[in-house]
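So the structure is just underneath, and the comments pick up after that.
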Amino acid sequence: MMARMTFGPLVDGDWLEAHLGDAGLRVVDCRWRLGQPGAGERDWEAGHIPGAAFMDVDRDLSSEAGPGGRHPLPSAESFEAAARRAGISAGTRVVAYDEAIDGGATRLWWLLRHHGHSAVAVLDGGLAAWREAGRPLRAGREEIAPGDFNARPREDDSVSADEIQAGSFTLLDARAPERYAGLAEPIDPVRGHIPGAINVPFADLAPGGSFLPAAELAGRMPAGELVAYCGSGVTACTVVLAATLAGRDARLYPGSWSEWCGRGLPAARSSAD
């Protein structure tokens, strides 16, 4: 496979290996495991792409769980400090990766764009493809020179629960089909989905960690003003990225199902109780 010639919104392993060590490039490991705090950082310490910083989904890419859901957006101040610790500055090109497009990398991609930093890409295939290709890994921690990133949040790339109730959006539910249908709910207290939402499982858009071609992604995006949600606003970022690759705009509902059902808002199910 030939290396991609342009930067973002995806890069492949050939491109990244060729550019490792470039001035102005920061690689960020965003691996995480739902319900296992600290697991991603332990994985990073065990072996990561050389020079990669680490940003934690729970600590750096979210704020404390509460009424706003299980992974509310971090405050601008908190995210700015975390991005600086990861060595990100105004002119930095950032490549985010996780294990196999399982939410962490696309969450950082979305947050950086949300704060006005467009020079960000996700490693297609994730660390799984990097590892399978026999590319280099390094264990231990990294000495990361702090950056000078400034967070400037946008207001046009996300929606609230109240806006969903008042608007006419095309809602894309990124969760697995059984959770969408209300057949199972292993995490949140209520089964089902937001009434009217269409199920577009994030894992189907990047099977095995590699995104489908743009034309196939476009075929999976319905008409309308797109808003993506999931359980807590992490894996829905993968749907936003897929829409971008397909040439579509999509906004994020950060609170997602965990906020929606926590507020007692209406739930639809595809199965009988």
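The values are calculated or read from the model by the stated rules, or taken from the named source; none is laboratory data. This one's a predicted model, so the numbers in the text were calculated from it and none came from an experiment. Note that each Cβ is placed from the backbone with ideal geometry, even for glycine, and that neighbours are counted across all protein chains shown. These area figures cover heavy atoms from the full protein model, side chains too; ligands, DNA and RNA do not enter into them. Shrake-Rupley method; radii C 1.70, N 1.55, O 1.52, S 1.80 Å.
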Scanning the range 62-77 for residues that are hydrophobic (A, V, I, L, M, F, W, C) and surrounded by fewer than 22 Cβ atoms within 10 Å (Cβ to Cβ) gives ALA65, ALA76
Which residue pairs have Cβ atoms closer than 9 Å, lie 6 or more positions apart in sequence or on different chains, and pair a first residue in the range 250-265 that is more than 11 Å from ALA161 (Cα to Cα) with a second residue that is in a helix (DSSP H, G or I) and open to solvent by 30 Å² or more (accessible area, probe 1.4 Å)?
ALA250/THR244
Kindly indicate which of ALA81, ALA76 is free of Cβ contacts under 8 Å to residues at least 40 places away in the same chain and over 16 Å from LEU25 (Cα atoms).
ALA81
Scanning for something touching a helix residue (DSSP H, G or I) at 6+ places or on another chain (Cβ under 9 Å) and closer than 20 Å to TRP15 by Cα, does the range 143-154 turn up at least one residue?
no
Of the numbered conditions (1) of a type in the set (Asp, Glu); (2) surrounded by fewer than 15 Cβ atoms within 10 Å (Cβ to Cβ); (3) free of Cβ contacts under 8 Å to residues at least 24 places away in the same chain, GLU45 fails exactly one; give the number of that condition.
(3)
Can you tell me which of (1) surrounded by fewer than 18 Cβ atoms within 10 Å (Cβ to Cβ); (2) touching a helix residue (DSSP H, G or I) at 6+ places or on another chain (Cβ under 6 Å); (3) touching a residue at least 60 places away in the same chain (Cβ under 8 Å) is the one VAL57 doesn't meet?
(1)
Exactly one of GLY68, GLY51 is modelled with pLDDT of 95 or more and over 18 Å from GLU142 (Cα atoms), and that one is GLY68
Among GLY116, GLY87, GLY91, the single one that is open to solvent by 20 Å² or more (accessible area, probe 1.4 Å), assigned to a loop (DSSP other than H, G, I, E, B) and at positive phi is GLY116
Selection count where residues are open to solvent by 40 Å² or more (accessible area, probe 1.4 Å), under 17 Å from ASP124 (Cα atoms) and either without any contact (Cβ under 8 Å) to a residue 12 or more places away in the chain or not in a helix (DSSP H, G or I) (or both), scope the range 168-214:
3
Hits in the range 119-141 (condition: outside any helix (DSSP H, G or I) and open to solvent by 40 Å² or more (accessible area, probe 1.4 Å))
ALA133, GLY134, ARG135, PRO136, LEU137, ARG138, ALA139, ARG141
By residue number, the members of the range 1-42 that are assigned to a helix (DSSP H, G or I), surrounded by 14 or more Cβ atoms within 10 Å (Cβ to Cβ) and without any contact (Cβ under 8 Å) to a residue 24 or more places away in the chain are ASP14, TRP15, HIS19, ALA39, GLU41
Quickly run through the range 43-64 and pick out the residues that are over 17 Å from the mean Cα position of the chain (by Cα) and assigned to a loop (DSSP other than H, G, I, E, B).
GLY47, ILE49, PRO50, GLY51, ALA52, GLU64
Would the range 235-250 turn up any residue that is in a loop (DSSP other than H, G, I, E, B) and polar (S, T, N, Q)?
yes
